[in-house]
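Since the structure comes first, as structure tokens, the remarks are kept for the end.
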Amino acid sequence: MNGKYWNEEIETMPRKQLEKLQVERLKKTVEIAMGSEFYAPKFKELGITPESIKSVEDIKRFPFTTKNDLRATYPFGIKSIPLDKVVRLHSSSGTTGNPTVILHSQKDLDEWADAMARSMYCIGLRNTDIIQNTSGYGMFTGGLGIQYAAERLGALTVPAGAGNSKRHVKFITDFGTTALHCIPSYATRLAAAFEEEGIDPRTTTVHTLIIGAEPHSEAQRKRIEEIWGAKAYNNFGMSEMCGPGVAIECQEQNGMHIWEDNYIVEILDPVTLEPVPEGELGELVLTTLNREAMPLFRYRTRDLTRILPGDCPCGRTHVRLARFQGRSDDMMIVKGVNIYPIQIEKILMQFPELASDYLITIETIGDNDEMTIEAELAQATDDFAMLQNLTKEITRRLKDEILLTPRVKLVGKGVIPQSDGKAKRVNDLRHNH
Amino acid sequence: MKTIKQISIFLENQRGKLSDILTALKDQNIEIQAASVADTTEYGILRLITSNQKKAAELLSAKGHLVNLNEVLAIQVEADTASFADAIDALTAGGCSISYLYTFHKDGKLVLIIRPANLEKAEKVATESGLTLIQGWE
């Protein structure tokens with residue numbers, strides 16, 4: 001395992017050839033999706049057949065698929081193959097209606113494990129590594145998705161699961177874990193657990209963190225790398241596409257290569273649904289090319305990103321996605337201003353006096369929407385004026401960024417509620433929510 | 001330098017926060033000699049001089065409080081207002097400004113805990129003015 005690539009032919013395939021592969025796979029996927037009660041009538045109406053597909057541009061003829069479609073067809077309405085060929089399902093929580101269900105055939109699972117193994121290889125992990133997974137092993141794809149991929153890579157895999165930081169600390173110490181898979185907020189919490197045991201996380205055997213499933217800024221990544229004395233790579237996946245293994249940063253740490261042998265990538269204006277000019281911000285829309293139980297066409301991810309221009313020095317030809325600039329779903333409209341939590345996070349990370357946790361609360365006071373931002377202090381001080389000035393300065397910089405004045409409240413450790421899942425960043429208490 | 005250690009704890013205005021700190025100290029038989037609170041409606045800083053600063057800081061830190069240890073001047077004077085005034089006058093005359101101050105009585109004397117804007121300078125002025133500085137007791 002000394003090569004630079006997991007699959008050199010695919011990863012470095014010239015663009016023209018890669019597009020040819022995409023067209024072949026799109027044809028094949030259409031053929032499979034003819035078996036779907038959901039897609040078959042749509043294809044018929046639009047005249048979409050495998051033979052009618054000549055180039056990647058033909059993707060524009062396809063209908064969009066949304067999360068609402070997944071909910072409306074819950075649980076098995078989009079499947080393209082009989083259920084007896086389906087071997088697993090994953091499901092997202094149904095906090096706003098039906099949960100969504102994604103079906104996998106054995107081939108789907110194999111391709112998924114291979115794609116995520118390729119991603120791990122891409123950031124320098126090898127079969128000599130010991131990979132510990134801090135994701136829950138349930139319906140969340142971050143558990144099993146990482147497990148099977150790490151095993152495919154040939155690494156010793158520790159399925160420690162979510163929560164119980166003390167146990168994670170013990171496992172890392174006892175097993176000599178070299179790589180962790182975790183959400184960014186857990187990376188900082190686990191580091192704190194080490195410090196509580198009197199161990200500097202930089203002295204552990206961990207050299208790589210795979211972080212994802214939660215929006216985070218470049219500053220937060222840098223902080224994670226600093227406290228761990230390790231490299232942290234941004235990993236992108238979503239259960240609708242399979243799970244982790246859709247895109248990952250290479251060792252250049254400049255954008256995530258999205259595996260285009262598996263997906264057709266479009267960046268569209270979320271309102272007009274037309275392609276944005278090259279390199280501009282828009283909604284990521286994906287079509288699966290290598291799945292059979294439940295292929296999805298032009299799936300609206302709601303993630304806002306852009307394609308980085310130019311070639312990557314790593315030699316991979318698959319396009320790079322910029323760090324996500326929030327989700328169209330996460331967007332808050334406060335006093336008529338569109339605000340993404342990541343804008344606030346970016347500002348808070350500029351202050352070394354602050355730790356990484358924060359909570360945005362929006363509530364109606366009188367006739368007005370008011371925003372309160374609770375930010376966790378990193379350390380105590382005897383200097384009261386410093387705290388007051390800090391509050392003022394944070395408020396000022398936030399106002400410059402989001403164009404309204406939030407109330408900034410400094411809090412101590414453990415005040416901001418935590419759950420073992422994704423960190424809660426926004427608490428919208430307005431009457432209309 | 002002739003200084004002593006002070007503990008500062010960040011306090012958000014939360015029910016039970018102060019009790020939690022006091023109970024922790026009580027359970028370890030750490031005695032509080034002086035305490036001062038600076039606050040707004042949202043948070044405060046509790047500054048403490050205790051019988052064992054190092055132990056108190058470690059204990060509170062382990063309990064999840066944000067704790068800071070820093071150096072302050074402890075000037076011992078006679079327990080009357082005139083002596084208090086003389087000490088402050090001496091520092092002021094020497095060009096020192098004071099960020100905050102609190103006091104407590106110990107062994108029939110008055111102890112002034114002072115955080116000057118410039119610690120080194122204030123220590124020098126206090127020494128040259130013949131004030132009694134307490135050093136490093138815990």
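Rounding to the nearest 10 and keeping the result within 0 to 90°, find how far the Cα-based axis of helix A:218-228 lies from the longest principal axis of chain A. Between helix and principal axis, roughly 70 degrees.
Treating the angle as unsigned and between 0 and 90°, give the value, to the nearest 10°, between the Cα long axis of helix A:184-196 and the longest Cα principal axis of chain A. The helix A:184-196 is inclined about 40 degrees to chain A. Derived from the Cα gyration tensor, the three semi-axes of the equivalent ellipsoid of chain B are 28, 16, 14 Å, largest first. Springs between Cα atoms under 10 Å define the GNM used for chain A, and in it the highest mean-square fluctuation of A:400, A:84, A:129 occurs at A:84. Once the mean of 1/r is taken over each pair of separate Cα atoms and inverted, segment A:235-348 shows a Kirkwood hydrodynamic radius of 15.0 Å. The Rg/Rh ratio of segment B:71-133, with both radii computed over alpha carbons and Rh defined as the Kirkwood radius, is 0.92.
Adding -39500 (n - 2.57) for every DSSP H run of four residues or longer, then dividing by how many residues the protein assembly as shown holds, sets the calculated 222 nm ellipticity at -9500 deg cm²/dmol.
A cut-off of 5 Å between modelled amide H atoms, ignoring neighbours fewer than 5 places along the same chain, links residue A:411 with A:375, A:376, A:377. According to the square roots a ≥ b ≥ c of the eigenvalues of the Cα gyration tensor, what is the shape class of segment A:332-428, taking rounded for a/c under 1.5, prolate for a/b larger than b/c otherwise, and oblate for the remainder? It comes out oblate by the Cα gyration axes.
Where does the charge balance sit around residue A:116 when Lys and Arg score +1, Asp and Glu -1, over other residues with C-beta under 12 Å from its C-beta? In short, -2.
Among the trypsin sites (Lys or Arg not before Pro) found in segment A:1-69, those both in a DSSP coil and sparsely packed, with 15 or fewer other Cβ atoms within 10 Å of their Cβ, are A:4, A:54. Seen from residue A:318, the other residues with C-beta closer than 10 Å to its C-beta sum to a net charge of 0, counting Lys and Arg as +1 and Asp and Glu as -1.
Checking every one of the GluC sites (Glu not before Pro) in segment A:206-295 against DSSP loop status and a limit of 12 other Cβ atoms within 10 Å picks out A:252, A:278, A:280. Taking a ≥ b ≥ c as the square roots of the Cα gyration tensor eigenvalues, segment A:1-135 comes out oblate, since a/c reaches at least 1.5 and a/b does not exceed b/c. Largest mean-square fluctuation among A:82, A:295, A:184, in a Gaussian network model of chain A whose springs join Cα atoms under 10 Å apart, belongs to A:82. Indicate the gyration tensor shape class of segment A:290-383 (rounded, prolate or oblate), computed on the Cα atoms with a ≥ b ≥ c the square roots of the eigenvalues: a/c under 1.5 is rounded; otherwise a/b larger than b/c is prolate and the rest oblate. Oblate shape, in that a/c is at least 1.5 and b/c is the bigger or equal ratio.
Filter A:424/B:63; A:335/A:409; A:27/A:424; A:42/A:424; A:16/A:67; A:20/A:346 down to the pairs with a C-alpha to C-alpha distance above 30 Å, please. Beyond 30 Å between Cα atoms: A:27/A:424; A:42/A:424; A:16/A:67; A:20/A:346. For segment A:142-285, the equivalent ellipsoid derived from the alpha-carbon gyration tensor has semi-axes of 31, 17, 13 Å in decreasing order. Start at zero, step by 10 Å, and the Cα-Cα distances of the protein assembly as shown spread as 3, 15, 22, 21, 16, 10, 7, 4, 2, 0, 0 percent across the bins.
Between A:364, A:305, A:395, the residue with the greatest mean-square fluctuation in the GNM of chain A (Cα pairs under 10 Å linked by springs) is A:364. The Cα atoms of segment A:71-194 cover 46, 32, 21 Å along the three principal axes, with the biggest extent listed first. Per the Debye formula on identical point scatterers at the alpha carbon atoms of segment A:1-329, with no solvent, log10 I(q)/I(0) at q = 0.13, 0.14, 0.16 Å⁻¹ is -0.97, -1.12, -1.43.
In chain A, Cα pairs under 8 Å separated by at least six residues give a relative contact order of 13 percent. Computed from the alpha carbon atoms alone, the convex hull of segment B:4-70 holds 75 Å³ per residue.
Values quoted throughout were computed directly from the atomic coordinates according to the rules given, and no laboratory measurement underlies them. As the structure is a computational prediction, the values presented were derived from the model and not from experiment. So basically every Cβ, Gly included, is an ideal-geometry build from the backbone, and we count neighbours across all protein chains shown.
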